[in-house]
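One structure is given below, encoded as structure tokens.
The values are calculated or read from the model by the stated rules, or taken from the named source; none is laboratory data. It should be emphasised that the depicted structure is a prediction, and the values quoted were computed from it without experimental measurement. Every residue, glycine as well, gets a Cβ built from its backbone with ideal geometry; the counts of neighbours run over all protein chains shown. These accessible areas exclude ligands, DNA and RNA; they are computed on the full protein's heavy atoms, side chains included. Shrake-Rupley method; radii C 1.70, N 1.55, O 1.52, S 1.80 Å.
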Amino acid sequence: MCGIAGVIGKTNRGQDLIEDMTTIITHRGPDDAGYFVDKDVMFGMRRLAIIDLNGGHQPINNEDNTMTIVFNGEIYNYQELQHILKSKGHRFKTNSDTEVLIHLYEEYGAKMLPMLRGMFTFAIYDKINKEVFIARDYFGIKPLYYLVDQNRVVAFGSEIKSLLLHPAARKEINEEALFQYLSYQYNPLQETFFKRIWKLPPGHYIKVSMIQQKTLEKKYWAFEFSPKEGIERTENEKNLAQHVLQTMRESVRAHMIADVPVGAFLSGGIDSAVIVALLSKEIENRNRELSKGIKDGQNINTQKLSTFTVTFDATSEASEAAVIAKHFKTHHTEINVTRDLFLQAVPKMMWHMDEPLADPSAVGLYFLSNAARQQVKVVLSGEGADELFGGYNIYREPSALNIMKRIAPQWMLESIIKPLSESSINFFGKNYLRRFFIPLESRYIGNARIFSGKDVQKIWRGRNFVEEIGSFSATLPSYDSYYKAEKAHAPSDSAKMQYIDINHWLPGDILQKADKMTMAHSLELRVPFLDIEVANVASYIPESLKYKNGTTKYLLRLAMKNILPRESARRKKLGFPTALKTWLKNDSREAGKTGSDMLKSMRESISASPLIKKYYDMATIMGLIEEHGRGFADHSRKIYLFYTLAVWYEQYFK
């Protein structure tokens, strides 16, 4: 695992530039540094040593030094690939997955990418053809950014802060990102909050030709639903459940490959419980193998799984996590975060995040990662299970709406229910009725829906980037292609919602915060649910086995039924909740006791922000804060959205 950076083309600075670009991301790799410099290209890396601790120094060259690579990630099937390459005559100097990648590229070019099982971003410089090849993994587990100047890619890196050091970089705000942020709580665009700095999308590669002065960007992989492919397996749900279990076992086993201790994040939900259960079994088997043949009385260096849970002052899932930890006899650590600690962490968190992200659970991950790094260097976590296996309750909404459509006569829908849903009368279930009359394409932009389209129009003071904002949400024109069945290969509205989240919410929010918060503490995070083989199985699970008996992730729960405590297998999704809503109550007596008035602190940061004053209606924002403080409404997520934006701007522009 590393942080990487590169410069493509000549600059007015020498090696000191690439050294600065990698030094600023030392947190991604405190164990080692390495550089490659020639007149056309400079590569740099910071290494977090996980595999081949002594031999994995980067950059690495091929046999005749015509190619050089820097790599961030882990390739879990690298030993199998190494065996194939050796049979074709390739010679290896190390036992690292990095060297496997460069030989694969020699042999197969871009066709190597679907052969990889793992998480990765890497860059290879072909000195003969004067080309730089840069690729990102299937789901976007690891980040990769690039800087464009005069229509040329001139630099790349694991973090934006590296690119800002390049002479061609200018700190210019991307106004469209500010606009979309209101709806999504993250930036869903390919161009970042900094103009001319772009994200390489998941499942894509770019090839930069210095001779032709051209850049080719191409998608090499995309998730597709394939219900026909698994039709034989889906005839028997028990057989399919067994297949899911076996595939997950193999994935966890592959994700354990390391020459350093491995731990796990543990919430009270099923996703992390599955990881802990399978990981515990693998460690138990390894300890048993280690014990074989050892003479009586001899010390045995067996491993005990370390697990980590975050709790907050007013909300706690410690009891749920403790049940799982006790069941599997892990070495368990609980970290409690107070609201003072929460506020203190946000500036540091925003600096590491690179772009604003208004997901408060990121703060929990920040403290969780810090505690885990005191004991282990690698952790496994449950990200991706909800998106692949259908874990969000909102995915069940289309089925419920279809039931109403079948039951209610058309005249009733048009003359009674629709006018009622559009009236000024407030009643329980009104939003549900409204959604019935709004097409999916206009109402669903992913799990993070903060401001509706009407609210965006009230708040936004900049240029309007969508010609018509719907009554429910602001949507991106680029979403149209994802909603077309022939593009998404999604057999239903629920599947389309999954597809949107896999392509946007997952890399834009879930994986971004997971990578940035763990690497802030030099901790490697691995996500076995986002293994390519697991994704292949998930692609052909029928909808009837995702949502059944009033539950989500039905098949996954069935598959894990016999390896989890009963209460854990049935438990609803928990994730990493925070006490933000409670903390933001404007209660002076409570503030006096704790020594912190969070709402006041956030209001001051928001009101003082020149960025917010320029692009948003301050009176409307202050009204939201006032309503929340008086207890008239819960605007905690909306307030936090502006607060994180203000803090981020201060970190990068002041």
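Do you know which residues across the range 515-545 are over 22 Å from Gly203 (Cβ atoms) and of a type in the set (D, E, K, R)?
Glu543
Could you check Tyr395 against (1) farther than 27 Å from Glu533 by Cβ; (2) part of a helix (DSSP H, G or I); (3) under 20 Å from the mean Cα position of the chain (by Cα) and say which number it fails?
Exception for Tyr395: condition (1).
Here is a check on your reading of the model: is His103 open to solvent by less than 70 Å² (accessible area, probe 1.4 Å), at pLDDT below 95 and under 19 Å from Met115 (Cα atoms)?
No: the conditions fail for His103.
Tell me yes or no: at least one residue of the range 398-409 is over 30 Å from Pro542 (Cβ atoms) and of a type outside the set (Phe, Trp, Tyr).
From the range 398-409, those over 30 Å from Pro542 (Cβ atoms) are 409; that's our starting set.
Then drop every residue that is not of a type outside the set (Phe, Trp, Tyr), which leaves 409.
Yes, the conditions are met somewhere in the range 398-409.
Mind counting the residues in the range 259-292 that are in contact (Cβ under 8 Å) with a residue 60 or more places away in the chain and surrounded by fewer than 18 Cβ atoms within 10 Å (Cβ to Cβ)?
Pass one, the range 259-292, residues in contact (Cβ under 8 Å) with a residue 60 or more places away in the chain: 259-275, 277-279, 281.
The next check asks that each one be surrounded by fewer than 18 Cβ atoms within 10 Å (Cβ to Cβ); those that pass are 259-261, 281.
Residues meeting the conditions: 4.
State all residues of the range 315-369 that are open to solvent by 50 Å² or more (accessible area, probe 1.4 Å), touching a Gly at 6+ places or on another chain (Cβ under 9 Å) and assigned to a strand (DSSP E or B); if no residue qualifies, say none.
His331
May I ask you to say which residue of Asn65, Asn54 is among the polar types (S, T, N, Q), under 17 Å from Lys130 (Cα atoms), open to solvent by 10 Å² or more (accessible area, probe 1.4 Å) and in a loop (DSSP other than H, G, I, E, B)?
The match here is Asn65.
Being closer than 22 Å to Ala273 by Cα and modelled with pLDDT of 80 or more narrows it down to one residue among Ala385, Ala345, Ala408, Ala448; which is it?
Ala385
Would you be able to tell me the number of residues in the range 1-42 that are touching a residue at least 60 places away in the same chain (Cβ under 8 Å), β-branched (Val, Ile, Thr) and under 24 Å from Thr66 (Cα atoms)? First the steps, then the outcome.
First, the residues of the range 1-42 that are touching a residue at least 60 places away in the same chain (Cβ under 8 Å): 1-9, 11-13, 17, 20-22, 24-25, 27-30, 36, 38, 40-41.
Restricting the remaining residues to those that are β-branched (Val, Ile, Thr) gives 4, 7-8, 11, 22, 24-25, 41.
Imposing the further condition that a residue be under 24 Å from Thr66 (Cα atoms) reduces the set to 4, 7-8, 11, 22, 41.
The qualifying residues number 6.
Pick from Ala135, Ala168, Ala222: which is modelled with pLDDT of 95 or more and open to solvent by 10 Å² or more (accessible area, probe 1.4 Å)?
Numbers: Ala135 fails: open to solvent by 10 Å² or more (accessible area, probe 1.4 Å); Ala222 fails: modelled with pLDDT of 95 or more.
None of the others qualify; the one that does is Ala168.
Suppose we filter the range 6-33 for residues that are of a type in the set (Asp, Glu) and part of a helix (DSSP H, G or I); how many remain?
From the range 6-33, those of a type in the set (Asp, Glu) are 16, 19-20, 31-32; that's our starting set.
Imposing the further condition that a residue be part of a helix (DSSP H, G or I) reduces the set to 16, 19-20.
So the count comes out to 3.
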